[in-house]
Structure formats: structure tokens, C-alpha cells
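Step one of this worksheet: look at the structure below.
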Amino acid sequence: MENKQQSNGVTKENNAVKKKVNWSGSLIVASLTGAFGSSFLYGYNLSVVNAPAGFIKKFYNETWERRYGFSVDEGTLTLLWSITVSIFAIGGLVGAIIVTPIVKFFGRKCTLVLNNVFAVAAALLMSLSLLAGSFEMLILGRIIMGVDAGISLSALPMYLSEISPKEIRGSLGQVTAIFICIGVFTGQVLGLPEIFGQESRWPFLFGAIIVPSLIQALILPFLPESPRYLLLEKHNRSKAEKAFQRFLGKDDVSQEVEEVLAESRVQRNTKLVSVVQLLRTRAVRWQIVTVVVTMGCYQLCGLNAIWYYTNNIFSESGISRETIPYVTLSTGAVETLAAVFSGLVIERLGRRPLLIGGFGLMIVFFAVLTVSLTLQSTVHWLPYLSIFCILAIIASFCIGPGGIPFVLTGEFFQQSQRPAAFMIAGTVNWLSNFAVGLLFPFIQAGLQTYCFLVFAGICLAGAAYLFFVLPETKNKTFHEISQAFAKRNKVTLEMEEMNHYPGERKSSEEQESNFTSSVDNGETKKGIV
């Protein structure tokens, strides 16, 4: 009895220690530097083309006339501009597809560093296109920049999820979303007429991409690689312990190493898996479906449609055309503040309430916005309600749906499955992005202001699915999250361990011996993960 009480006391004490997680300097620098050169550039490139659109179209027309002796017709000009904007998503899809072998071979950190080659090349092409008189350079730069974004939006969340303690994994994961919002806001600011929003200065908007890339390339190499990658994929215990020590800011990391090794006992029978193998694995079936749903809703929930209507709604509210760019900054500011708020409360409230609540609020404000836009010509104050709804929808998106899908993808899957999982998530993300850009003009033309009801329906479907399927994952290990899905996947944890990719197993004694030897000696044995 006395021993039991002592054991309970020790457990409580350990739990208390676990809750006190220090944000070490290396952890903060790694997350900020990683996000600044990655998700920040994604957000920046979403908004940077809006301000100079008129100047770029004029450049296209002048280049065409100089080459062929006549002005480009309106249809061709629209097509060229549509390609310039939408080809970013095609590049993103390419990046999402190729990221799996890259992170396997180079690691998470090195992938982020090497990815800057794409960003610098794209920046040079786009910023020099006016000087060279070649709009093809701008289009090529956009697709290369898309490749950079596709790689970074998978590699960065993977890296952040693997370097953070589980107690702050959600908050650190939200850094991805926060920097996307900051990137969008920065693109809006730099696009103002007083800065680079002028005919002679718009190439500087694209040249500025080099700055975050160089900062990341200079700082990130001095920070550790993911300790989980080092331990489970490179089998280098010494380097993994040093990485844990730097990221956690303490010398004794034996508990963290043992937690990772406990996960390895489930997965060490397998090599790093392919997408096809992952899709065929019953033990993660509902995790994959949940990632597909959350990533699909992330792009299809209608935020792009909001940006389409913003200028018209501001104009109908009596705001002059010259003033609209400054008022539009309010949308970027609200987006950033909401993302920061989400990062601060995610470990208190959890993933489920923020995701489901965010979609729920979007449904409400989409409905109100539909009514407001339909009737705003009859009531003088309704345009102001429309402005409020726009800001509210943006805030609702950013507190949950705007960042948590990236966090969940990192939490649902074990080490050997994670690269393939992020490839699936990235592919769904970029295909949905492209579909919205392609289909939204037709939806808007056919339904007019009622198009927002389509997005409200998507949000409702997403919220309903998450309500019934998504378990809470905050402060949980991979093993505990797998346990939460086990009943729905119709597997027991024993089956989960036994049935991972049959045909690749060895005897348990041989695995134990080989794996322990591999980790202890810091050797890489590719047959065992």
C-alpha cells in the first residue's frame, strides 16, 4: 500500500514536471527561422501579385506589341494573367509530390535549407523579367516558387512536429499558419503605392523573396536536425540526444529518447513506407481520411472567394478606390491576430474545439454575408455588415481551419509513415487550391452572391465529419492517438503492431538485437526502421 502511494506520488510529480515545458532558444530560433523562409513565403506569394496586377498586365501587353507589332487581345491577356496566378498551385503540387524522397534522403532541416535554391532562382527570374522584357520569366518564376511552397508546407510542419515536446506541439505547429498570415500581410504592405506598388518598382516585390530565403539558409544549418529523424531513420543515438538537449534546453533527455524508442517498437519492423503502402494500411485508414477532409476543407471552405469580393464590398461601402488598399490591410491584420490567438490557446482548448468551432462560425457568417450582399442595395448600412462578416470569416478560419490541419498531419502518423502522409496532405491541398481557382469564377457567375452558401455547405460537412470522427490529440503520444482511432479502424493495438506491412517482418528477437545495436552504435541499417 505504501509503495503504491509512493508510486502515485512519483507519477504526479512526473506529470507536474512534464507540464513545465521550457521554450529553449534553439527551439524558438528553429521554429521562427524555419517558418520565415518557408510558410512566410507561401503567404507572401499568395498576396504579392494582387497590388501590381495592372502594371504586370501592361507589361505583358507592351512585350507582346514589341514582339508581334500589335496589342494582345483581351482574351489572351486574361489567359496569360490567369496562368501567372494559378500556375503557382501547379508548382505546389509538384513540390508536394517530390517532398517524400527528399525528406527521406536529406532529412527535415536540410530539405528546408536546400529548398531555398528554388526560392532564390524564382526571385531572380521574376524580379528580372521586366528588365529582360520576358513575361515567360515571370511565369516560370511563379511555378518554381510554387515548387518551393509545396516542399516547405510539408517539410516545415514535419520538422516542427518532430522537434517539439508533445505539451507544446500544437502551439509550435501553429507557427506555420501564423507565418502564412504574416506573409500575406507583408505582401499587402509592400504592395502599397508608397513602397513597391508602382509601375517602376513592382519587380522589387518579387526580388524581396530573396531576403527570407537567405536568412533561413544562413541560420538553419547551425541548428540541429530533427532528433526523431536522427534516432529512428539514421539510428544515431548520440546525435539524437544532442539534438534533444538543445531543443529541450536540458541535459537529461533519457525520458524523451525512451518515448521515441517506445514508438519504434511498433514501427521498427518496417522500412519508410510509400504512399501506396500507407493507403493500404488499415491501422491508419481513418487518419488518412481525416487528413484528406481537413486539407480539402482548408482550401474549399471559401476564403479565396472572400478575397474576390473584398474590393467590391469596400467600394460599395463608400470607400474610395485610392483608400481601398489601405483598408484591405485590416484583413491581413485580422488574419495574423487570429492565427496568433489560436497558437496561444490551442494547448488549452485543444484541436477539436478550434477546428469545429472555426467551421461553425464560418457557416454563420457566410449565411449572414449572403443575406447582406443580396439586400445591401436596398439598405444603406448593410455594406458595413458585409465588411464585418468578411473580417469575421477570416478570423474564424484562422483560429482553427487555417493551421490545425498541418498540426494533425504531423500528429496522426508514426515516423516511417509521416513523409508519405504529408505527400497525401500536400497533394490534396494543392489540387483543391487549383480547383478553387479554376471553378470559382463559374460558381460566382452562376450563383452570384448565393455562391457563399456552397462554401457554407462545405464547412458544415467538414464540421460534422470532425465532430463524429476526430479525437482530441493535445498532449498525446502517437501510441495514444493510434489507440483513439483503433476502434474505428477495426484493429487492436496488437494487430496494429503485427500487421504493419506483412512480408517485411523478421523474428522479434532478431529485430530487438539488430535495432538496439544499430541505435547504440550510431550505425545506419536501412533494412530496419
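Taking residue 178, is it part of a helix (DSSP H, G or I), under 16 Å from the mean Cα position of the chain (by Cα), at pLDDT below 95 and not polar (S, T, N, Q)?
Numbers: part of a helix (DSSP H, G or I): yes; under 16 Å from the mean Cα position of the chain (by Cα): yes; at pLDDT below 95: yes; not polar (S, T, N, Q): yes.
Here the answer is yes, as residue 178 does meet what is asked.
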Pairs with Cβ under 6 Å, 6+ apart, first in the stretch 212-238 and of a type in the set (Lys, Arg), second open to solvent by 60 Å² or more (accessible area, probe 1.4 Å) and at pLDDT below 95: 234/524
Within the stretch 450-529, helices (runs of 4 or more DSSP H) holding 1 or more residues that are modelled with pLDDT under 50 and out of contact with any Ser or Thr (no Cβ under 7 Å at 6 or more places or on another chain): 493-498, 508-521
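Could you look through the stretch 426-442, keep only residues that are of a type in the set (A, V, I, L, M, F, W, C) and in contact (Cβ under 8 Å) with a residue 24 or more places away in the chain, and pick out the one that is farthest from residue 146 (Cα to Cα)?
Going through the stretch 426-442, the residues of a type in the set (A, V, I, L, M, F, W, C) turn out to be 428, 430-431, 434-436, 438-440, 442.
Of the ones still in play, those that are also in contact (Cβ under 8 Å) with a residue 24 or more places away in the chain are 428, 430-431, 434-436, 438, 440.
On the way: 428: 15, 430: 10, 431: 13, 434: 12, 435: 16, 436: 16, 438: 17, 440: 20 Å.
So, considering only residues that are of a type in the set (A, V, I, L, M, F, W, C) and in contact (Cβ under 8 Å) with a residue 24 or more places away in the chain, the one farthest from residue 146 (Cα to Cα) is 440.
May I ask you to list the residues in the stretch 154-174 that are assigned to a helix (DSSP H, G or I) and small (Gly, Ala, Ser)? Walk me through how you get there before you give the answer.
Here is the first cut: in the stretch 154-174, the ones assigned to a helix (DSSP H, G or I) are 154-163, 166-173.
Result: 154, 155, 161, 170, 171, 173.
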Test: residue in the stretch 306-325 that is at pLDDT 80 or above, touching a Phe, Trp or Tyr at 6+ places or on another chain (Cβ under 9 Å), in the same structural domain as residue 396 (by the TED database) and outside any loop (DSSP other than H, G, I, E, B): yes
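Does residue 374 meet the test of being open to solvent by less than 10 Å² (accessible area, probe 1.4 Å) and either at pLDDT 90 or above or part of a helix (DSSP H, G or I) (or both)? Before the answer, list the steps.
Working: open to solvent by less than 10 Å² (accessible area, probe 1.4 Å): no; either at pLDDT 90 or above or part of a helix (DSSP H, G or I) (or both): yes.
It is false that residue 374 is open to solvent by less than 10 Å² (accessible area, probe 1.4 Å) and either at pLDDT 90 or above or part of a helix (DSSP H, G or I) (or both).
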Number of positions in the stretch 130-149 that are closer than 18 Å to residue 213 by Cβ and small (Gly, Ala, Ser): 3
One residue from 212, 157, 203, 221 being under 13 Å from the mean Cα position of the chain (by Cα) and either at pLDDT 95 or above or buried (at least 24 other Cβ atoms within 10 Å of the Cβ) (or both): 157
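Taking residue 79, is it within 23 Å of residue 332 (Cα to Cα), open to solvent by 60 Å² or more (accessible area, probe 1.4 Å) and part of a helix (DSSP H, G or I)?
Working: within 23 Å of residue 332 (Cα to Cα): no; open to solvent by 60 Å² or more (accessible area, probe 1.4 Å): yes; part of a helix (DSSP H, G or I): yes.
Against the criterion (within 23 Å of residue 332 (Cα to Cα), open to solvent by 60 Å² or more (accessible area, probe 1.4 Å) and part of a helix (DSSP H, G or I)), residue 79 does not qualify.
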Residue count for the stretch 320-370, restricted to those that are in contact with a Pro (Cβ under 9 Å, 6 or more places away or on another chain) and closer than 22 Å to residue 191 by Cβ: 2
Pairs, first assigned by the TED database to the domain that holds residue 87 in the stretch 119-143, second open to solvent by less than 40 Å² (accessible area, probe 1.4 Å) and among the acidic types (Asp, Glu), C-beta under 7 Å, six or more apart: 119/148; 122/148
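Yes or no, residue by residue, for (1) at pLDDT 90 or above; (2) assigned to a helix (DSSP H, G or I); (3) closer than 23 Å to residue 306 by Cβ; (4) not assigned by the TED database to the domain that holds residue 154:
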{"position": "329", "(1), (2), (3), (4)": "no, yes, yes, yes"}
{"position": "358", "(1), (2), (3), (4)": "yes, yes, yes, yes"}
{"position": "365", "(1), (2), (3), (4)": "yes, yes, yes, yes"}
{"position": "378", "(1), (2), (3), (4)": "no, no, yes, yes"}
{"position": "398", "(1), (2), (3), (4)": "yes, yes, yes, yes"}
{"position": "410", "(1), (2), (3), (4)": "no, yes, no, yes"}
{"position": "424", "(1), (2), (3), (4)": "yes, yes, no, yes"}
Tally, over the stretch 217-247, of residues that are out of contact with any Pro (no Cβ under 7 Å at 6 or more places or on another chain) and under 20 Å from residue 419 (Cβ atoms): 15
Test: residue in the stretch 41-53 that is at pLDDT below 95, open to solvent by less than 40 Å² (accessible area, probe 1.4 Å), assigned to a helix (DSSP H, G or I) and in contact with a Cys (Cβ under 9 Å, 6 or more places away or on another chain): yes
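The values are calculated or read from the model by the stated rules, or taken from the named source; none is laboratory data. This structure is a prediction, so every number in the text was calculated from the model and none was measured. Note that each Cβ is placed from the backbone with ideal geometry, even for glycine, and that neighbours are counted across all protein chains shown. These area figures cover heavy atoms from the full protein model, side chains too; ligands, DNA and RNA do not enter into them. Shrake-Rupley method; radii C 1.70, N 1.55, O 1.52, S 1.80 Å.
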